[in-house]
Amino acid sequence: EDQVTQSPEALRLQEGESSSLNCSYTVSGLRGLFWYRQDPGKGPEFLFTLYSAGEEKEKERLKATLTKKESFLHITAPKPEDSATYLCAVVKAGNMLTFGGGTRLMVKP
Amino acid sequence: NAGVTQTPKFRVLKTGQSMTLLCAQDMNHEYMYWYRQDPGMGLRLIHYSVGEGTTAKGEVPDGYNVSRLKKQNFLLGLESAAPSQTSVYFCASSTIPYEQYFGPGTRLTVT
């Protein structure tokens with residue numbers, strides 16, 4: 001069965017303390033992996049698309065990487081405004097997204 | 001350019017009542033989706049549409065119906081609401097299936 005698992009469920013960081021969020025997946029025939037950011041009370045906002053192992057994408061303090069079994073979202077020198085829930089999703093057969101449970105990131109000033 | 005909008009933002013229903021959630025997008029997207037988000041369950045696809053006049057079942061379709069009579073609108077209906085349908089509902093749209101743009105959500109409580 002296709003599964004997407006994110007860890008940790010919650011992460012507290014001090015401002016400037018770099019870390020990584022993990023998204024592991026078991027999907028036959030992966031067609032793409034996606035990262036979204038969700039602020040409280042709002043809908044998810046698209047961040048990155050990764051299509052093949054070894055691919056990397058960057059946006060400001062965020063960098064997403066992909067291997068054959070997992071993806072990492074690296075956060076460098078985070079700021080309080082980076083606090084949000086980060087969701088990953090994979091595309092499986094039928095072209096529909098399967099979402100992980102998310103990682104709730106809290107960055108303290 | 002409003003993107004994806006959802007109506008209403010909040011709603012409280014009694015068990016057995018019916019309602020329709022409206023999703024509208026102004027980006028001329030072919031694909032539209034309805035998800036529900038529950039604590040510990042993540043986002044789960046209810047129904048989706050790949051174009052005007054088409055609909056298909058997602059992961060958790062039971063108890064819901066949808067219609068896409070116009071390209072820009074996607075309606076989600078609950079014919080007889082149940083407490084298990086208490087959730088936050090998100091609509092999304094996209095030109096290709098993957099890079100979906102989400103609406104702000106509708107918080108539904110069924111008592």
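Here, each number is a calculation from the coordinates, and none is a lab measurement. Being a predicted model, the structure only gives us computed values, none of them experimental. Don't worry about glycine lacking a Cβ; one is built from the backbone with ideal geometry, like all the others, and counts go over all protein chains shown.
Using +1 at the C-beta of Lys and Arg and -1 at the C-beta of Asp and Glu, which of B:67, B:24, B:108 has the Cα lying farthest in the positive direction of the dipole of chain B?
B:108
Between residue B:111 and residue A:67, how high is the FRET efficiency from 1/(1 + (r/R0)^6) when r is the Cβ-Cβ distance and R₀ = 41 Å? Nearest 0.05.
The calculated FRET efficiency here is 0.35.
Quick one: B:80, B:49, A:71, fewest Cβ neighbours within 10 Å first, how do they rank?
Going from least to most buried by this count: B:80, B:49, A:71.
Rg (Å, one decimal) plus Dmax (Å, integer) for the alpha carbons of chain A?
Spelled out, the Cα radius of gyration and Dmax of chain A are 13.3, 43 Å.
Pop a pseudo-label 7 angstrom from the Cα along the beta-carbon direction at both residue A:58 and residue A:2 and give the gap in nm to one decimal.
3.2 nm
Determine the distance separating the Cα centre of region B:1-42 from the Cα centre of region A:35-85; give it in Å without decimals.
About 25 Å separates the Cα centre of region B:1-42 from the one of region A:35-85.
Evaluate the charge dipole of chain A about its Cα centre and quote only its size in Debye, nearest 20, assuming +1 on the Cβ of each Lys and Arg and -1 on the Cβ of each Asp and Glu.
60 debye
Sorting B:32, A:96, B:27 on the 10 Å Cβ count, fewest up front, what's the list?
B:27, A:96, B:32
Return the distance in nm (one decimal) between the two label points of a simple spin-label model at residue B:67 and residue A:79, each offset 7 Å from Cα along Cα→Cβ.
Once both label points are built, they end up 4.7 nm from each other.
Just tell me which lysines come within less than 30 Å, Cα to Cα, of residue A:63; anything on the same chain fewer than 8 places away is out.
A:42, A:79, A:92, A:108
Quick one: what are the phi-derived ³J(HN,Hα) couplings along region B:54-61, Karplus 6.51/-1.76/1.60 with θ = phi - 60°, whole Hz, x for glycine and proline?
Calculated HN-Hα couplings, in order: 10, 8, 8, 7, x, 6, 10, x Hz.
State the answer as a single residue: which of B:46, B:33, B:82 lies farthest towards the positive end of the charge dipole of region B:4-88, with beta carbon charges of +1 for Lys and Arg and -1 for Asp and Glu, about the Cα centre.
Final value for the positive-end residue is B:82.
In chain B, which longest range has no trypsin sites (Lys or Arg not before Pro) that are both DSSP loop (not H, G, I, E or B) and surrounded by at most 12 other Cβ atoms within 10 Å?
Of all site-free stretches, the longest is B:15-69.
Charges at C-beta only: +1 for Lys and Arg, -1 for Asp and Glu. How large is the resulting dipole of the protein assembly as shown about its Cα centre, in Debye rounded to 20?
My answer is approximately 360 debye.
Simple spin-label model, 7 Å along Cα-to-Cβ: residue B:10 to residue A:12 in nm?
Label at residue B:10, label at residue A:12, 2.9 nm between them.
Whole-Hz Karplus ³J(HN,Hα) for region A:27-40, in order, using 6.51 cos²θ - 1.76 cosθ + 1.60 and θ = phi - 60°, x for Gly and Pro?
So the J values, rounded to whole Hz, are 9, 7, x, 4, 10, x, 10, 10, 10, 10, 10, 10, 8, x.
Taking each residue of A:42-49 in turn, how many C-beta atoms of other protein chains fall within 10 Å of its C-beta, and what is the average?
Counting other chains' Cβ atoms within 10 Å and averaging over A:42-49 gives 5.
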